[in-house]
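Colleague: Please read through the structure below; I'll follow up with questions.
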Amino acid sequence: MSELKLINTYKNELLNYSLEQLRYIDEEGVWSIGQMYDHLILVAHEYLDNMEKCTTLNDEHPLGKTEFGEHLYKIGGFPPIKIRLPDELNTPPNNSDSKEDLIGRMDQVILRLSQGESKVDHINP
């Protein structure tokens, strides 16, 4: 599934939830569906920011993955475990966006992703 198709699937599924369902937290430490959307949007922008950085690097910068990045690449992604950040970095995602806000924010991700596609082929591997 392409990235754009996946994001559009998330957008379409969002329409099935009421605002109450989006914001519902069933126990402390568990995110609502809205918080999951917020997290995915924020992380997508973080990755797109990193891609943008790659478009401006020149040959003076070292190439390659970090040791941890190399490990993740070899195992095919993050292991299927819950990852918990230290408490000082573990601020819960936003739980107040409306469906319209989340859709608008996903549209921003789609726009940035579409704009970045033309740049990827010109990035030094």
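Colleague: Rounded, prolate or oblate: which fits the chain when a ≥ b ≥ c are the square roots of the eigenvalues of the alpha-carbon gyration tensor, with rounded for a/c under 1.5 and prolate only if a/b beats b/c? Numbers along the way, then the final one.
Modeller: Values: a/c = 2.30, a/b = 1.47, b/c = 1.57.
Taking the square roots of the gyration eigenvalues as a ≥ b ≥ c, the chain is oblate.
Colleague: Counting alpha carbon pairs within less than 8 Å and at least 6 residues apart, what relative contact order, in whole percent, applies to the chain?
Modeller: Values: 63 pairs, mean separation 54.4, N = 125.
For the chain, the relative contact order is 44 percent.
Colleague: Cβ under 14 Å from residue 75's Cβ, residue 75 left aside: what net charge do those residues give with Lys, Arg +1 and Asp, Glu -1? All intermediate terms of the calculation are to be shown ahead of the outcome.
Modeller: On the way: positive: 65, 74; negative: 67, 70.
Net local charge, residue 75 excluded: 0.
Colleague: Under a point spin-label approximation (7 Å from Cα along Cα-to-Cβ), what is the residue 121-residue 48 distance to one decimal in nm?
Modeller: 2.1 nm
Colleague: By how many nm would the segment from residue 107 to residue 87 grow when fully extended, if each residue of separation counts as 0.36 nm and the alpha-carbon distance is taken off? Let's see the in-between values first.
Modeller: Details: separation 20, 0.36 × 20 = 7.20 nm, distance 3.09 nm.
This chain segment gains 4.1 nm when fully extended.
Colleague: Within region 3-120, how many lysine pairs that are 8 or more places apart, or on different chains, have C-alpha atoms less than 27 Å apart?
Modeller: So the count works out to 17.
Colleague: Compute the acute angle (0 to 90°) between the alpha-carbon long axis of helix 99-120 and the principal axis of greatest extent of the alpha-carbon atoms of the chain; round to the nearest 10°.
Modeller: Rounded to the nearest ten degrees, it is 10.
Colleague: Counting only trypsin sites (Lys or Arg not before Pro) that sit in a DSSP loop (anything but H, G, I, E, B) with at most 12 other Cβ atoms within 10 Å, what is the longest stretch of the chain containing none of them?
Modeller: On the way: sites that count: 65, 82, 84.
Longest site-free region, per DSSP loop and neighbour criteria: 1-64.
Colleague: Given springs between every Cα pair under 10 Å in a Gaussian network model of the chain, which of 25, 110, 81 has the largest fluctuation?
Modeller: 81
None of the figures in this text is laboratory data; all of them are computed from the coordinates on show. Because the structure is a prediction, the values reported are computed rather than measured. Please note: Cβ atoms are built from the backbone with ideal geometry, for glycine as well, and neighbour counts cover all protein chains shown.
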